[in-house]
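Structure first, then comments.
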Amino acid sequence: MPSPEKHRVAVIGGGAAGLMAAIAAARAGADVFLLEKTPRVGRKLLLTGNGRCNLTHSDCSPRRYHGRRPEFFRTVLTSFPAERTLSFFKELGLLTKTEEDGRVFPLCDQASTVLDLLRDELSRLNVPIHAETEIRNIRNRFDLTCADNRRFKADRVILSTGGLAHPETGSDGKGLLLAEQCGHHLVPVFPVLVPVRVRSPFLKSLKGTRTDCDIELTVDGKPVQRESGEIIFNSDNLSGIPLFQLSRKVTECLQAHRRPSLRIDLLPGINAKVLAEELEGRFRTRPQEPPERALLGLLNKRFIPVLLKTAGFKTESPSGSTVSRSRVSSLVELIKGWSWEITGTLGWAEAQATAGGVDTLEVDPLTMESRLTPGLFFAGEILDVDGDCGGFNLHWAWATGATAGRAAAGTED
């Protein structure tokens, strides 16, 4: 009995999801080729984890993912937990380490090593990579036309072109247009894991300041999300992992014409009562000194004149024999809950991920195959699923890439 003919699988997009999809399809016996619009595959992968490559997270729970249809990503994550990512890379020869917060990195702390191993595996599997090859049209299951009019023919296609975050790496959203050509609907996209724009007269004087704090997003005066960690003050925005985690909710609120704002606790390790007693004692024992002196050693000194001015202190005058309790109370309230008006977020160039994309109602979560166009599969950021900061988006790329690759080869499990 003759063996079945191999499926010829085209993977469009050479990011993390596309590389994984090509490897999975080739391992499963398909005749695979990879098409990448830029000169090199994996450019965005090199940026992840600040060049260290945050591969995955020890707890890839569905609660760390977002999209209109949670049942879709719950199904995918159940079948492809973090252990499968770790097993895959261990097989390639990569040793990993798990940090206290659950983030997983290569032991060598090099994203370039991860990319080298993926490229080596593609080479071992004889998967050709066609760089500088931009697909403009997909027709007739599946006739692929390039921007320079070259054509490729495939039995099955995996779209793994990413979203719009970091467009300099080739993620310009044109893959979403290919999905629309094939009849798919798109959930509106917006940048996530991105710095948050704020309005304040003090930002320029605080530019470059970093501090560990607790930060709370409030909407119409009510708290909706809390984060903690280091934040960075820039000329027109606040950045750092806590702000990245809040950015999705910020955009959702603004799109709904609601009023989001931030409350920053600069001293989360000290409660308000203890802080008030500490400040009263400092002012009492330094009556002849400017009030700034009383706060030195307690806060980053770049915050001190701003906080004192906002709380109504005359910074050029001595504290005097006493400082009123009401004045101390105002300062404590400010330190423990500094309010910032939000005006938006930065754009795609500074975003780490894309919210929105191909509507997952039209995709089978067990195979990543289109429910509208048989033989068309999706992987990675092109789908309407985005994860929190911490390795969750890369894990999504590995999970969907592996699933789509196996299924496109005809060996889904």
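The values are calculated or read from the model by the stated rules, or taken from the named source; none is laboratory data. It should be emphasised that the depicted structure is a prediction, and the values quoted were computed from it without experimental measurement. Cβ atoms come from the backbone with ideal geometry, glycine included; neighbour counts cover every protein chain shown.
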Query raised in the report: Could you say whether any residue in the range 294-302 is surrounded by 18 or more Cβ atoms within 10 Å (Cβ to Cβ) and not in a loop (DSSP other than H, G, I, E, B)?
Result: yes
**Report entry** Tally, over the range 196-226, of residues that are among the aliphatic types (A, V, I, L, M), free of Cβ contacts under 8 Å to residues at least 60 places away in the same chain and not in a strand (DSSP E or B)
**Finding:** 1
Query raised in the report: So is T161 surrounded by fewer than 22 Cβ atoms within 10 Å (Cβ to Cβ), within 22 Å of the chain's Cα centre (by Cα), within 24 Å of A402 (Cβ to Cβ) and among the hydroxyl-bearing types (S, T, Y) or not?
Result: no
**Report entry** Any hit, the range 25-48, residues being among the hydroxyl-bearing types (S, T, Y), at negative phi and touching a Leu at 6+ places or on another chain (Cβ under 8 Å)
**Finding:** yes
Report summary line: Being at pLDDT below 95, closer than 17 Å to G337 by Cβ and not basic (K, R) narrows L275, L296, L279, L238 down to just L279
**Report entry** Options G229, G269: the member that is under 20 Å from F303 (Cα atoms), part of a loop (DSSP other than H, G, I, E, B) and free of Cβ contacts under 8 Å to residues at least 40 places away in the same chain
**Finding:** G269
**Report entry** Single match in V219, V187 (criterion: within 25 Å of V358 (Cα to Cα) and of a type outside the set (S, T, Y))
**Finding:** V187
Query raised in the report: Under the condition of being among the hydrophobic types (A, V, I, L, M, F, W, C) and more than 13 Å from I12 (Cα to Cα), which residue from the range 370-384 is nearest to the chain's Cα centre (by Cα)?
Result: L383
**Report entry** Breaking point among (1) surrounded by 18 or more Cβ atoms within 10 Å (Cβ to Cβ); (2) over 20 Å from I342 (Cα atoms); (3) at pLDDT 95 or above; (4) not charged (D, E, K, R), for H185
**Finding:** (1)
Requested in this report: Kindly establish whether G281 is under 30 Å from A397 (Cα atoms) and not aliphatic (A, V, I, L, M).
Outcome: no
Query raised in the report: Of all residues in the range 205-231, how many are surrounded by fewer than 16 Cβ atoms within 10 Å (Cβ to Cβ), among the small types (G, A, S) and closer than 14 Å to L266 by Cα?
Result: 1
Query - Residues satisfying the stated conditions in the range 386-405, i.e. touching a His at 6+ places or on another chain (Cβ under 7 Å) and among the hydrophobic types (A, V, I, L, M, F, W, C) - result: F392
Query - Wholly enclosed strands (runs of 3 or more DSSP E) of the range 31-115 bearing at least 2 residues crowded, with 19+ Cβ neighbours inside 10 Å and touching a Cys at 6+ places or on another chain (Cβ under 7 Å) - result: 103-106
Query raised in the report: Quick check: anything in the range 113-123 over 17 Å from A21 (Cβ atoms) and among the polar types (S, T, N, Q)?
Result: yes
Query - Matching option when the condition is in contact with a Lys or Arg (Cβ under 8 Å, 6 or more places away or on another chain), in the same structural domain as K44 (by TED's automatic domain parsing) and surrounded by 19 or more Cβ atoms within 10 Å (Cβ to Cβ), among A154, A179 - result: A154
Report task. Determine which member of the set R302, R284, R263 is in contact (Cβ under 8 Å) with a residue 60 or more places away in the chain and either farther than 30 Å from D220 by Cβ or of a type in the set (S, T, Y) (or both). Result -> R302
